[in-house]
Amino acid sequence: MKMLLDFLPVLLFFGAYKIYDIYAATAVLMAATTVQMGLVYAMDRRLQMVQKITLALVLVFGSLTLFLHDDRFIKWKPTVLYAAMAIGLAVALWLLKKNFLKLLLGSQLELPDPVWQILNRAWVMYCVFMAALNAYVATYYSTEDWVTFKLWGYAFPLVFIIGQGVYIARYIKSEEPSP
């Protein structure tokens, strides 16, 4: 259920774009993301920082897109989000000596500190890659191509998350008693 909720705004955005245009799709994305975050808050009684940032960026860049009637703003929103995440994770790790991934997920996963460090670096590199890739597509391709990339580009995070799961699987302790 939660995974569907994560993809719903993008699917609605894509559908609205195909039926109408980028501006209707942007309005749908803004509304769907607001509803999505409301539902997440109702279920979890809180929003994570990345969810708050995502909502703020969707509303700010979406509003700029609609008010200025310029689709470049909504196309650059993912680049700004990924770049902000990369900078935040990197600054926290290398300057503040804090591992935000461990702070966020440490209660759910028990991993050795070196593994948390590697995961944090991997997330920084992934976010830089995704920011650069979105910037490239937003700059050099049509809006139609960018929207298609946004839909099918979800393969990148899925591959990244599966790769992460394979990497950390050897460090996750089994709950079953050994015979």
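The values are calculated or read from the model by the stated rules, or taken from the named source; none is laboratory data. A quick note: this is a predicted structure, and the numbers were derived from the prediction, not measured. No Cβ is skipped: glycine too gets one built from the backbone with ideal geometry, and neighbour counts run over all protein chains shown.
The C-beta contact set for the range 27-46 (first residue in the same structural domain as Leu11 (by TED's automatic domain parsing), second residue among the polar types (S, T, N, Q) and not in a helix (DSSP H, G or I), distance under 9 angstrom, 6+ apart or interchain) comprises Val40/Gln48. The criterion of being closer than 19 Å to Phe149 by Cα, touching a residue at least 40 places away in the same chain (Cβ under 8 Å) and among the acidic types (Asp, Glu) does not hold for Asp21. Just a yes or no: is a residue in the range 94-117 among the hydroxyl-bearing types (Ser, Thr, Tyr), farther than 17 Å from Ile162 by Cα and in the same structural domain as Phe156 (by TED's automatic domain parsing)? Looking through the range 94-117, at least one residue is among the hydroxyl-bearing types (Ser, Thr, Tyr), farther than 17 Å from Ile162 by Cα and in the same structural domain as Phe156 (by TED's automatic domain parsing). Assessment of the range 51-66 against the conditions (small (Gly, Ala, Ser), part of a helix (DSSP H, G or I), surrounded by 14 or more Cβ atoms within 10 Å (Cβ to Cβ) and outside the structural domain of Phe149 (by TED's automatic domain parsing)) yields at least one matching residue. Entry remark, the range 11-48: residues being among the aliphatic types (A, V, I, L, M) and not in a helix (DSSP H, G or I) number 1 in total.
Within the option set Lys150, Lys75, Lys173, being touching a helix residue (DSSP H, G or I) at 6+ places or on another chain (Cβ under 7 Å), more than 24 Å from Gln48 (Cβ to Cβ) and in contact (Cβ under 8 Å) with a residue 60 or more places away in the chain holds for one residue only, Lys75. Output yes when any residue across the range 114-127 is free of Cβ contacts under 8 Å to residues at least 60 places away in the same chain, loosely packed, with under 15 Cβ neighbours inside 10 Å and closer than 19 Å to Tyr82 by Cβ, and no when none is. Yes; the residues of the range 114-127 include at least one that is free of Cβ contacts under 8 Å to residues at least 60 places away in the same chain, loosely packed, with under 15 Cβ neighbours inside 10 Å and closer than 19 Å to Tyr82 by Cβ. Can you confirm whether Arg121 is over 18 Å from the mean Cα position of the chain (by Cα) and among the basic types (Lys, Arg)? Judged against the criteria, Arg121 is not a match.
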